[in-house]
Amino acid sequence: MTEQNKSGRIPGAGTGRRRKPPAARRRTGVLLAGAAAVLVLAGAGLGSVYLRLDGNLQGVDINAQLGGDRPDDLANGSLDILVLGSDSRAGDNAAYGTDEGGARSDTAMVVHVHDGHTEASVVSIPRDTLVTRPACADSTGTTVPGARRAMFNTAYEVGGPACAVKTVEAMSGIRMDHYIEVDFTGFKKLIDELGGVQITTTRAIKDTKSHLDLAPGTHTLDGERSLALVRTRKSVGDGSDLGRIQLQQAFMKAFLAQVRSVGVLTSPTKLLGLADAATKAITPDSELDSVKELTGFARGLSGIGADQVHMITLPVVYDPRDPNRVIPLEARSQQVWAALRADRPVPAAATRDAATGKADGVVR
(Lines give C-alpha, C1' and ligand atoms only; values in the text may rest on other atoms or scores of the structure.)
Protein backbone atom coordinates (compact mmCIF):
# COMPACT_ATOMS: atom_id res chain seq x y z
CA MET A 1 0.00 0.00 0.00
CA THR A 2 1.36 3.47 -0.87
CA GLU A 3 2.43 5.42 2.21
CA GLN A 4 0.63 8.72 2.77
CA ASN A 5 1.69 11.78 4.71
CA LYS A 6 -0.52 14.00 6.87
CA SER A 7 -1.83 15.88 3.86
CA GLY A 8 -3.24 12.61 2.53
CA ARG A 9 -0.90 12.69 -0.49
CA ILE A 10 1.91 10.34 -1.33
CA PRO A 11 5.41 11.73 -0.61
CA GLY A 12 6.50 13.97 -3.46
CA ALA A 13 2.97 14.66 -4.65
CA GLY A 14 1.84 17.50 -2.39
CA THR A 15 2.87 20.17 0.06
CA GLY A 16 4.14 17.69 2.64
CA ARG A 17 7.22 15.48 2.33
CA ARG A 18 9.47 15.19 -0.69
CA ARG A 19 7.65 17.75 -2.77
CA LYS A 20 9.70 18.43 -5.93
CA PRO A 21 10.06 22.04 -7.15
CA PRO A 22 9.57 23.09 -10.80
CA ALA A 23 12.96 22.93 -12.50
CA ALA A 24 12.96 26.41 -14.03
CA ARG A 25 11.58 28.59 -11.24
CA ARG A 26 13.51 30.52 -8.56
CA ARG A 27 11.66 30.82 -5.28
CA THR A 28 12.40 31.51 -1.63
CA GLY A 29 10.56 29.58 1.07
CA VAL A 30 10.52 30.05 4.81
CA LEU A 31 11.42 27.13 7.07
CA LEU A 32 10.30 27.43 10.65
CA ALA A 33 13.47 26.21 12.26
CA GLY A 34 16.46 26.55 14.60
CA ALA A 35 17.54 28.40 17.70
CA ALA A 36 15.66 31.36 16.32
CA ALA A 37 13.77 28.70 14.50
CA VAL A 38 13.52 30.13 10.99
CA LEU A 39 15.75 29.54 7.97
CA VAL A 40 15.58 30.96 4.47
CA LEU A 41 16.24 28.47 1.73
CA ALA A 42 16.60 29.01 -1.98
CA GLY A 43 17.10 26.06 -4.26
CA ALA A 44 14.91 25.77 -7.34
CA GLY A 45 16.55 27.08 -10.50
CA LEU A 46 20.07 27.21 -9.07
CA GLY A 47 21.25 24.52 -11.49
CA SER A 48 24.93 23.62 -11.07
CA VAL A 49 25.15 24.95 -7.51
CA TYR A 50 22.79 22.15 -6.38
CA LEU A 51 25.81 19.93 -5.83
CA ARG A 52 27.50 22.55 -3.69
CA LEU A 53 24.42 23.09 -1.54
CA ASP A 54 23.61 19.38 -1.36
CA GLY A 55 27.14 18.82 -0.07
CA ASN A 56 26.35 21.07 2.90
CA LEU A 57 23.51 18.81 4.06
CA GLN A 58 23.99 15.75 6.26
CA GLY A 59 20.70 14.07 7.13
CA VAL A 60 19.70 11.91 10.08
CA ASP A 61 17.51 8.86 9.37
CA ILE A 62 15.05 9.27 12.24
CA ASN A 63 12.53 6.82 10.79
CA ALA A 64 15.04 3.96 10.60
CA GLN A 65 16.19 4.53 14.18
CA LEU A 66 12.69 4.72 15.67
CA GLY A 67 11.03 1.92 13.71
CA GLY A 68 7.28 1.37 13.94
CA ASP A 69 6.65 2.08 17.63
CA ARG A 70 5.38 5.62 17.06
CA PRO A 71 2.11 7.59 17.09
CA ASP A 72 -0.07 7.30 13.99
CA ASP A 73 0.66 9.68 11.13
CA LEU A 74 -2.70 11.46 10.88
CA ALA A 75 -3.80 12.42 7.36
CA ASN A 76 -5.35 15.75 8.37
CA GLY A 77 -3.27 18.09 6.23
CA SER A 78 -1.00 19.29 9.04
CA LEU A 79 2.74 18.89 9.54
CA ASP A 80 4.72 18.60 12.78
CA ILE A 81 8.41 19.44 12.94
CA LEU A 82 10.72 19.12 15.95
CA VAL A 83 13.28 21.92 15.85
CA LEU A 84 16.30 21.68 18.13
CA GLY A 85 19.11 24.13 18.77
CA SER A 86 22.15 22.15 19.83
CA ASP A 87 24.39 23.50 22.59
CA SER A 88 27.39 21.45 21.44
CA ARG A 89 30.68 23.31 21.98
CA ALA A 90 32.54 21.19 19.43
CA GLY A 91 34.40 22.70 16.47
CA ASP A 92 33.63 26.36 15.80
CA ASN A 93 31.20 26.40 18.71
CA ALA A 94 34.07 26.00 21.23
CA ALA A 95 34.13 29.79 21.62
CA TYR A 96 30.90 29.49 23.64
CA GLY A 97 32.25 27.18 26.34
CA THR A 98 33.05 23.51 26.81
CA ASP A 99 30.77 20.50 26.69
CA GLU A 100 29.75 19.16 30.07
CA GLY A 101 29.26 15.49 29.35
CA GLY A 102 27.99 15.92 25.80
CA ALA A 103 25.80 18.10 23.63
CA ARG A 104 22.24 18.80 24.73
CA SER A 105 19.23 20.42 23.08
CA ASP A 106 19.51 24.00 24.28
CA THR A 107 16.32 25.03 22.43
CA ALA A 108 13.38 22.80 21.52
CA MET A 109 10.25 23.75 19.60
CA VAL A 110 7.41 21.70 18.15
CA VAL A 111 6.26 23.54 15.04
CA HIS A 112 2.73 22.52 14.04
CA VAL A 113 1.81 23.72 10.55
CA HIS A 114 -1.97 23.75 10.30
CA ASP A 115 -3.94 22.35 7.37
CA GLY A 116 -3.70 24.75 4.45
CA HIS A 117 -0.17 25.76 5.49
CA THR A 118 -1.07 29.40 6.15
CA GLU A 119 -0.73 29.32 9.94
CA ALA A 120 1.51 27.62 12.46
CA SER A 121 1.48 26.98 16.20
CA VAL A 122 4.84 26.75 17.95
CA VAL A 123 5.24 25.08 21.35
CA SER A 124 8.55 25.70 23.12
CA ILE A 125 9.63 22.93 25.48
CA PRO A 126 11.85 24.24 28.30
CA ARG A 127 15.11 22.33 28.36
CA ASP A 128 14.87 21.96 32.17
CA THR A 129 11.46 20.26 32.03
CA LEU A 130 11.40 17.03 34.04
CA VAL A 131 9.88 14.27 31.91
CA THR A 132 9.64 10.52 31.71
CA ARG A 133 12.21 9.73 29.04
CA PRO A 134 11.46 6.52 27.13
CA ALA A 135 14.07 3.90 26.34
CA CYS A 136 15.48 4.56 22.89
CA ALA A 137 18.24 3.45 20.53
CA ASP A 138 21.13 5.79 19.81
CA SER A 139 22.85 6.18 16.43
CA THR A 140 24.89 3.00 16.99
CA GLY A 141 21.80 0.92 17.76
CA THR A 142 22.60 0.70 21.48
CA THR A 143 19.49 0.90 23.67
CA VAL A 144 19.55 3.73 26.19
CA PRO A 145 17.40 2.98 29.26
CA GLY A 146 14.45 5.21 30.01
CA ALA A 147 14.35 7.42 33.09
CA ARG A 148 11.83 9.21 35.28
CA ARG A 149 12.30 12.86 36.27
CA ALA A 150 14.92 13.29 33.57
CA MET A 151 15.60 16.74 32.17
CA PHE A 152 14.13 17.00 28.70
CA ASN A 153 17.42 18.04 27.09
CA THR A 154 19.17 14.87 28.29
CA ALA A 155 17.26 12.90 25.65
CA TYR A 156 19.45 14.41 22.95
CA GLU A 157 22.55 13.99 25.11
CA VAL A 158 22.13 10.25 25.69
CA GLY A 159 20.50 9.16 22.43
CA GLY A 160 20.87 11.91 19.86
CA PRO A 161 18.13 13.26 17.56
CA ALA A 162 16.07 10.06 17.44
CA CYS A 163 15.82 9.91 21.23
CA ALA A 164 14.77 13.57 21.34
CA VAL A 165 12.05 12.84 18.77
CA LYS A 166 10.88 9.76 20.65
CA THR A 167 10.69 11.73 23.90
CA VAL A 168 8.57 14.46 22.28
CA GLU A 169 6.31 11.87 20.68
CA ALA A 170 5.85 10.14 24.04
CA MET A 171 4.98 13.45 25.70
CA SER A 172 2.60 14.66 23.01
CA GLY A 173 1.17 11.61 21.27
CA ILE A 174 2.01 13.39 18.00
CA ARG A 175 4.21 11.88 15.31
CA MET A 176 6.93 14.25 14.15
CA ASP A 177 7.00 14.47 10.35
CA HIS A 178 10.40 16.15 10.29
CA TYR A 179 13.40 17.02 12.42
CA ILE A 180 15.68 20.04 11.98
CA GLU A 181 18.69 20.89 14.13
CA VAL A 182 20.50 24.23 14.09
CA ASP A 183 23.95 24.96 15.52
CA PHE A 184 25.43 28.15 16.99
CA THR A 185 27.93 29.00 14.28
CA GLY A 186 25.54 28.35 11.41
CA PHE A 187 22.91 30.51 13.10
CA LYS A 188 25.34 33.43 13.35
CA LYS A 189 26.40 33.20 9.72
CA LEU A 190 22.80 33.03 8.54
CA ILE A 191 21.91 36.24 10.41
CA ASP A 192 24.95 38.00 8.94
CA GLU A 193 23.99 36.91 5.42
CA LEU A 194 20.51 38.26 6.05
CA GLY A 195 21.99 41.64 6.98
CA GLY A 196 21.00 41.44 10.64
CA VAL A 197 17.65 41.39 12.43
CA GLN A 198 15.94 44.47 13.83
CA ILE A 199 14.49 44.26 17.32
CA THR A 200 13.34 46.79 19.92
CA THR A 201 14.18 46.45 23.60
CA THR A 202 11.88 48.05 26.14
CA ARG A 203 14.57 48.10 28.81
CA ALA A 204 18.31 47.61 29.04
CA ILE A 205 19.72 44.08 28.79
CA LYS A 206 23.20 43.49 30.20
CA ASP A 207 24.15 39.85 30.55
CA THR A 208 27.64 38.81 31.61
CA LYS A 209 27.13 35.18 30.51
CA SER A 210 26.05 35.88 26.94
CA HIS A 211 28.00 39.17 26.75
CA LEU A 212 24.94 41.04 25.52
CA ASP A 213 24.75 44.76 26.31
CA LEU A 214 21.74 46.57 24.82
CA ALA A 215 20.27 49.92 25.82
CA PRO A 216 16.51 50.44 25.53
CA GLY A 217 15.57 51.20 21.92
CA THR A 218 15.78 49.78 18.41
CA HIS A 219 18.79 47.73 17.33
CA THR A 220 19.86 45.81 14.25
CA LEU A 221 21.59 42.73 15.63
CA ASP A 222 24.34 40.96 13.69
CA GLY A 223 24.89 37.23 14.06
CA GLU A 224 27.01 37.44 17.20
CA ARG A 225 24.59 39.69 19.07
CA SER A 226 21.57 37.71 17.83
CA LEU A 227 23.12 34.56 19.25
CA ALA A 228 23.82 36.39 22.50
CA LEU A 229 20.18 37.48 22.70
CA VAL A 230 18.73 33.97 22.28
CA ARG A 231 21.23 32.67 24.86
CA THR A 232 20.48 35.40 27.43
CA ARG A 233 18.84 34.20 30.62
CA LYS A 234 20.10 35.56 33.95
CA SER A 235 19.50 39.25 33.24
CA VAL A 236 15.87 39.11 32.10
CA GLY A 237 12.63 38.29 33.88
CA ASP A 238 13.09 35.87 36.74
CA GLY A 239 16.43 34.65 35.37
CA SER A 240 15.05 31.27 34.33
CA ASP A 241 15.07 29.38 31.05
CA LEU A 242 11.41 30.39 30.69
CA GLY A 243 12.44 34.04 30.33
CA ARG A 244 15.02 33.09 27.72
CA ILE A 245 12.31 31.27 25.77
CA GLN A 246 10.27 34.47 25.72
CA LEU A 247 13.27 36.29 24.22
CA GLN A 248 13.70 33.51 21.65
CA GLN A 249 10.06 33.67 20.62
CA ALA A 250 10.21 37.45 20.21
CA PHE A 251 13.37 37.13 18.15
CA MET A 252 11.77 34.48 15.92
CA LYS A 253 8.95 36.89 15.11
CA ALA A 254 11.46 39.62 14.25
CA PHE A 255 13.47 37.18 12.13
CA LEU A 256 10.40 36.12 10.17
CA ALA A 257 9.50 39.75 9.50
CA GLN A 258 13.08 40.45 8.37
CA VAL A 259 13.11 37.46 6.02
CA ARG A 260 9.98 38.68 4.29
CA SER A 261 11.31 42.25 3.97
CA VAL A 262 14.66 41.36 2.36
CA GLY A 263 14.65 41.44 -1.44
CA VAL A 264 16.41 38.14 -2.03
CA LEU A 265 14.39 37.42 -5.17
CA THR A 266 15.94 40.41 -6.92
CA SER A 267 19.50 39.57 -5.87
CA PRO A 268 20.95 36.22 -7.03
CA THR A 269 24.04 36.84 -4.90
CA LYS A 270 21.95 37.36 -1.77
CA LEU A 271 19.82 34.35 -2.67
CA LEU A 272 22.81 32.04 -3.02
CA GLY A 273 24.52 33.42 0.09
CA LEU A 274 21.44 32.76 2.20
CA ALA A 275 20.96 29.30 0.73
CA ASP A 276 24.60 28.41 1.40
CA ALA A 277 24.44 29.69 4.99
CA ALA A 278 21.10 27.98 5.65
CA THR A 279 22.15 24.56 4.38
CA LYS A 280 25.35 24.76 6.45
CA ALA A 281 23.41 25.79 9.56
CA ILE A 282 21.11 22.79 9.81
CA THR A 283 21.03 19.02 10.19
CA PRO A 284 17.66 17.81 8.85
CA ASP A 285 16.06 14.41 8.82
CA SER A 286 16.83 12.16 5.86
CA GLU A 287 13.65 13.19 4.03
CA LEU A 288 14.89 16.79 3.86
CA ASP A 289 18.59 16.22 3.19
CA SER A 290 18.70 17.47 -0.39
CA VAL A 291 18.14 20.94 -1.82
CA LYS A 292 15.16 19.77 -3.88
CA GLU A 293 13.44 18.16 -0.91
CA LEU A 294 14.21 21.03 1.44
CA THR A 295 13.13 23.71 -1.03
CA GLY A 296 9.90 21.92 -1.87
CA PHE A 297 9.15 21.65 1.83
CA ALA A 298 10.02 25.32 2.40
CA ARG A 299 7.83 26.43 -0.49
CA GLY A 300 4.87 24.78 1.20
CA LEU A 301 5.48 27.05 4.21
CA SER A 302 6.22 30.27 2.33
CA GLY A 303 2.74 31.70 2.93
CA ILE A 304 3.25 31.80 6.71
CA GLY A 305 4.22 35.25 7.97
CA ALA A 306 5.12 36.44 11.46
CA ASP A 307 1.49 37.32 12.26
CA GLN A 308 0.39 33.79 11.39
CA VAL A 309 2.83 32.12 13.81
CA HIS A 310 1.28 31.59 17.25
CA MET A 311 3.81 30.83 19.98
CA ILE A 312 3.40 29.44 23.45
CA THR A 313 5.55 27.68 26.01
CA LEU A 314 4.51 24.25 27.25
CA PRO A 315 2.51 24.93 30.45
CA VAL A 316 4.87 24.24 33.35
CA VAL A 317 5.43 25.24 36.97
CA TYR A 318 8.62 25.32 39.00
CA ASP A 319 9.32 21.95 40.62
CA PRO A 320 8.68 22.14 44.39
CA ARG A 321 11.58 19.73 44.93
CA ASP A 322 14.04 21.72 42.79
CA PRO A 323 13.35 25.35 41.80
CA ASN A 324 15.93 25.06 39.02
CA ARG A 325 13.65 22.59 37.20
CA VAL A 326 10.10 22.78 35.88
CA ILE A 327 7.37 20.17 35.62
CA PRO A 328 4.48 20.11 33.14
CA LEU A 329 1.01 21.08 34.29
CA GLU A 330 -0.42 17.78 33.16
CA ALA A 331 -4.00 18.79 32.37
CA ARG A 332 -2.93 22.03 30.67
CA SER A 333 -0.19 20.30 28.67
CA GLN A 334 -2.64 17.69 27.45
CA GLN A 335 -4.93 20.52 26.29
CA VAL A 336 -2.05 21.79 24.14
CA TRP A 337 -1.22 18.42 22.61
CA ALA A 338 -4.89 17.51 22.09
CA ALA A 339 -5.46 20.75 20.18
CA LEU A 340 -2.53 20.09 17.88
CA ARG A 341 -3.53 16.47 17.32
CA ALA A 342 -6.94 17.74 16.23
CA ASP A 343 -5.29 20.50 14.14
CA ARG A 344 -6.96 23.24 16.17
CA PRO A 345 -5.53 26.43 17.69
CA VAL A 346 -4.21 26.02 21.22
CA PRO A 347 -6.87 27.45 23.59
CA ALA A 348 -5.80 30.41 25.72
CA ALA A 349 -6.96 28.53 28.82
CA ALA A 350 -4.21 25.95 28.29
CA THR A 351 -1.50 28.32 29.52
CA ARG A 352 -3.46 29.67 32.49
CA ASP A 353 -1.63 29.41 35.83
CA ALA A 354 1.63 28.40 34.11
CA ALA A 355 5.02 29.87 34.99
CA THR A 356 6.08 32.49 32.45
CA GLY A 357 9.64 33.61 33.10
CA LYS A 358 8.42 37.23 33.40
CA ALA A 359 10.35 38.46 30.35
CA ASP A 360 7.40 39.03 28.04
CA GLY A 361 7.64 42.38 26.28
CA VAL A 362 11.35 42.94 26.97
CA VAL A 363 12.02 42.42 23.23
CA ARG A 364 9.64 43.33 20.42
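The values are calculated or read from the model by the stated rules, or taken from the named source; none is laboratory data. Fair warning: this is a prediction, and the values are worked out from it, not measured in the lab. Glycine gets a Cβ as well: all are built from the backbone with ideal geometry, and neighbour counts include every protein chain shown. Surface areas here come from the heavy atoms of the whole protein model, side chains and all, with no ligands, DNA or RNA. Shrake-Rupley method; radii C 1.70, N 1.55, O 1.52, S 1.80 Å.
Tell me which residues come under 5 Å, amide H to amide H, from A137 once H is placed; ignore anything under 5 positions away on its chain.
Answer set, sorted by chain and number: V144.
Please report, as a whole percent, how much of the solvent-accessible surface of region 260-364 comes from carbon and sulfur atoms (probe radius 1.4 Å).
Ligands and nucleic acids excluded, carbon and sulfur reach 51 percent.
Taking the Cα centre as origin and putting +1 on Lys and Arg beta-carbons and -1 on Asp and Glu beta-carbons, what dipole magnitude results for region 160-206, to the nearest 20 debye?
280
Sort 348-361, 232-245 by the packing proxy (mean of other Cβ within 10 Å over each peptide's residues), most packed first. Provide the component values of the computation, followed by the final result.
Numbers: 348-361: 16.0, 232-245: 21.1.
Ranked from most to least packed, the peptides come out as 232-245, 348-361.
What is the sum of charges, Lys and Arg at +1 and Asp and Glu at -1, for the other residues whose Cβ falls under 13 Å from the Cβ of L242?
+1
Considering only protein heavy atoms, what per residue accessible area in square angstrom results for region 275-364 with a 1.4 angstrom probe?
43
What accessible area per residue comes out for region 122-269, rounded to a whole number of Å², with a 1.4 Å probe?
Working: 5470 Å² over 148 residues.
Per-residue value: 37 Å².
Using a 1.4 Å probe over the heavy atoms of the protein chains, calculate the carbon and sulfur portion of the accessible area of region 137-248 as a whole percent.
Values: 1990 of 4170 Å².
In region 137-248, the share of accessible area belonging to carbon and sulfur is 48 percent.
Which of the peptides 125-134, 210-219, 144-153 is most tightly packed, and how do the rest follow, going by the mean number of other Cβ atoms within 10 Å of each residue? Mind dumping the intermediate values first?
Details: 125-134: 21.0, 210-219: 15.0, 144-153: 16.8.
Top of the packing list down: 125-134, 144-153, 210-219.
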